[in-house]
Structure formats: structure tokens, C-alpha cells
1. Could you list, in sequence order, all residues of the range 238-263 that are surrounded by fewer than 24 Cβ atoms within 10 Å (Cβ to Cβ) and part of a loop (DSSP other than H, G, I, E, B)?
2. Name the pairs whose Cβ atoms lie under 6 Å apart, with the first residue in the range 238-259 and touching a residue at least 24 places away in the same chain (Cβ under 8 Å), the second surrounded by fewer than 16 Cβ atoms within 10 Å (Cβ to Cβ), and 6 or more positions between them or separate chains?
3. May I ask you to say which residue of 175, 159 is in contact with a helix residue (DSSP H, G or I) (Cβ under 7 Å, 6 or more places away or on another chain), within 21 Å of residue 132 (Cβ to Cβ) and modelled with pLDDT of 95 or more?
4. Which residue, of 34, 85, is over 30 Å from residue 212 (Cα atoms) and either at pLDDT below 95 or surrounded by 14 or more Cβ atoms within 10 Å (Cβ to Cβ) (or both)?
5. If residue 109 passes every condition in (1) loosely packed, with under 13 Cβ neighbours inside 10 Å; (2) part of a strand (DSSP E or B) but one, which one does it miss?
6. Please find, among 230, 261, the residue that is under 23 Å from residue 52 (Cα atoms) and in contact with a strand residue (DSSP E or B) (Cβ under 7 Å, 6 or more places away or on another chain).
7. Output the number of residues of the range 316-337 satisfying the condition of being surrounded by 20 or more Cβ atoms within 10 Å (Cβ to Cβ) and more than 16 Å from the chain's Cα centre (by Cα).
8. Name the residues in the range 102-131 that are away from the ligand (no atom under 16 Å from the Cβ) and touching a helix residue (DSSP H, G or I) at 6+ places or on another chain (Cβ under 6 Å), would you?
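The values are calculated or read from the model by the stated rules, or taken from the named source; none is laboratory data. Being a predicted model, the structure only gives us computed values, none of them experimental. So basically every Cβ, Gly included, is an ideal-geometry build from the backbone, and we count neighbours across all protein chains shown.
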Ligand code: UVW
């Protein structure tokens with residue numbers, strides 16, 4: 001074991017001392033078959049925003065829209081390139097892209113290396129920066145030395161997003177329709193309200209289910225048409241109350257495998273002030289750091305939610321692998337729902 005003590009309420013070690021998948025371990029073949037059994041209407045839905053939304057950097061000043069450019073070819077722009085310039089016998093015309101992509105700018109997965117916490121796992125009285133299952137900052141998750149441009153060596157050797165990609169992230173998912181009950185008001189949803197909404201809509205979450213929260217936030221983002229207004233976004237639509245211990249306990253007890261929302265951070269962001277020393281993003285701490293639950297953010301759930309409302313259903317088949325990008329701490333994703 002790399003640690004003597006594990007954080008209160010964590011499951012470190014439960015999936016093995018070297019586990020890097022966390023609750024993805026619950027996406028078993030049986031879960032995939034349960035997902036397949038939900039495919040009855042023959043409809044498929046793209047659950048991604050266009051990856052250049054929200055536009056600007058109103059949601060997070062450190063993340064910027066994708067910049068696409070073309071790779072060069074023989075000193076020329078590699079768009080509409082007639083191959084007869086290389087060989088007069090060739091008839092093909094070719095385009096080729098390159099992209100600078102902030103991995104968590106738009107519809108995305110958080111890797112387990114995205115958020116860790118300070119914890120005294122050795123019991124020597126000195127908290128150190130750690131990630132899920134006790135993987136260590138600077139040893140297992142390597143940061144840059146010096147300037148932010150010093151990207152050489154920056155890499156999640158453990159808990160990188162490729163570990164998630166390797167599982168193919170497929171199985172049964174459940175949609176909780178918060179927008180139907182709350183509208184677009186900014187409400188902090190705690191356990192009691194979540195339970196009431198789930199009971200009203202007959203939603204049952206079983207171990208291994210992937211849980212999606214539809215709040216309407218991505219619709220507000222789309223309506224702003226790449227010119228987002230930070231104040232409106234920070235005050236629109238439901239977010240989970242990460243400071244409600246009962247809500248965190250539900251996340252633990254439900255056995256959900258991943259937690260997804262169409263809003264910015266699943267929970268309230270910017271971080272809410274609290275008294276004493278605590279995590280700025282308590283739901284991130286609980287999910288990514290303590291339980292190994294990947295978070296999906298800024299997904300586009302609207303059309304799926306509308307279909308499920310009309311059909312009187314809340315379960316579907318979901319497949320949502322991130323990019324198999326070794327060492328990354330997050331990834332864009334184009335998830336697919338089948339119903
Ligand atoms: C933050 O840093 C706020 O991360 P996330 O994209 O997971 O909300």
C-alpha cells in the first residue's frame with residue numbers, strides 16, 4: 001500500500017491497491033447488456049455541444065476556445081491540396097487539420113487526475129497533495145518545472161484520461177430531469193430535493209448506472225451563441241449542493257459509476273465560501289479524489305431529455321469514451337445515447 005490512512009468516506013483500496021479506474025469498475029458486461037436492453041425506439045442522440053461553445057472564456061478564464069489551423073504541405077497550406085502537384089497522375093484533393101484544444105473547454109470528462117486533495121496518508125502529520133487511491137503529485141501525476149510553457153514532462157502517469165478510454169465507457173445510463181421541476185432558476189439542489197424529483201419521476205439508480213443531470217444550462221449556453229455572459233451563466237439553472245453531506249452520502253450509497261451534467265461543474269462554481277478549511281469544490285473532492293467517480297460536464301442533454309419525457313422513460317444506453325490521449329487530465333467527448 002502507498003498509504004496508511006485513507007480519507008474519511010473514501011473507497012481507496014476497495015478496487016485494489018493500484019486501481020486507476022474507480023467506480024468505472026462497476027461498468028460490467030451485465031451493465032452493458034442492461035444498457036442494450038434500453039434500446040427500443042431506434043433513436044440516437046449526440047450529447048455534445050459544438051466544441052467551440054460556450055465561446056470566449058466567460059466560464060473559466062484559463063480555458064480558451066479551440067484554434068484550428070492546417071498542417072503545412074510542401075511549403076503550402078494543406079487545404080484543397082491537389083495531389084497532382086506531387087504526382088501528375090493523382091486526381092485526389094486533400095485537406096488536413098491541426099488543433100489547439102483546451103481539453104476541458106466544452107463537453108468533457110474530468111480524469112481522476114484532474115482534482116486531488118491535501119491529505120496525511122502516511123500518518124506523519126504532514127498533509128501532501130494526493131489523488132484518488134493515494135496516487136502522488138510529483139510522482140504519479142507530474143507537473144511542469146518552472147514556467148507554464150515548460151510542458152516537457154507534464155503528464156498523469158497514473159489516473160490519466162486514457163485509462164477511462166480503455167474501458168470504452170458503455171452501459172446503462174439514467175437521466176434525472178431537474179429542468180422539468182426547477183426550470184432555469186439557479187437552485188442549489190441538495191439530497192431532499194433530488195430525492196423528491198427522483199420519486200416524482202420514478203427514477204431509480206442502481207449500482208453501476210451512469211447518472212446524467214439535465215438542468216437546461218447547455219440551452220442557455222447555446223442561446224448565447226458563442227458570446228457568453230458570465231453573470232447570466234453563474235445565475236442560471238440547477239447545480240448540485242456539494243456542501244450537503246446527505247447528497248454526498250447518496251453519491252456514495254447509490255453506487256453510480258459516473259456523474260454527468262449539462263452545466264459547468266455539476267456543482268456550484270465559482271466556489272462558494274465556507275467556514276474553515278475545506279475543498280473549494282466539495283463534490284469534485286468527493287467524486288474524483290475520494291471515490292474515483294469521473295465527472296462529465298457541459299454535456300448537451302436537451303433532445304434526449306425531451307424524447308425521454310414524451311416516452312415516459314428515464315433510462316438509455318450510453319457510450320462515451322474520451323480521447324485515448326495518454327497522460328491528459330481531461331478530454332473532450334462526443335457521447336452517444338441510444339434509446
Ligand atoms: C474546474 O476546475 C472548475 O474544473 P471542472 O471543469 O471539473 O469543473
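1. Within the range 238-263, 241, 243, 244, 255 meet the criteria.
2. 255/207
3. Going through 175, 159 in turn, just one is in contact with a helix residue (DSSP H, G or I) (Cβ under 7 Å, 6 or more places away or on another chain), within 21 Å of residue 132 (Cβ to Cβ) and modelled with pLDDT of 95 or more: 159.
4. Every option except 85 fails the conditions.
5. Failing condition for residue 109: (1).
6. 261
7. Residues that pass the stated criteria total 2.
8. Listed by number, the list holds a single entry, 121.
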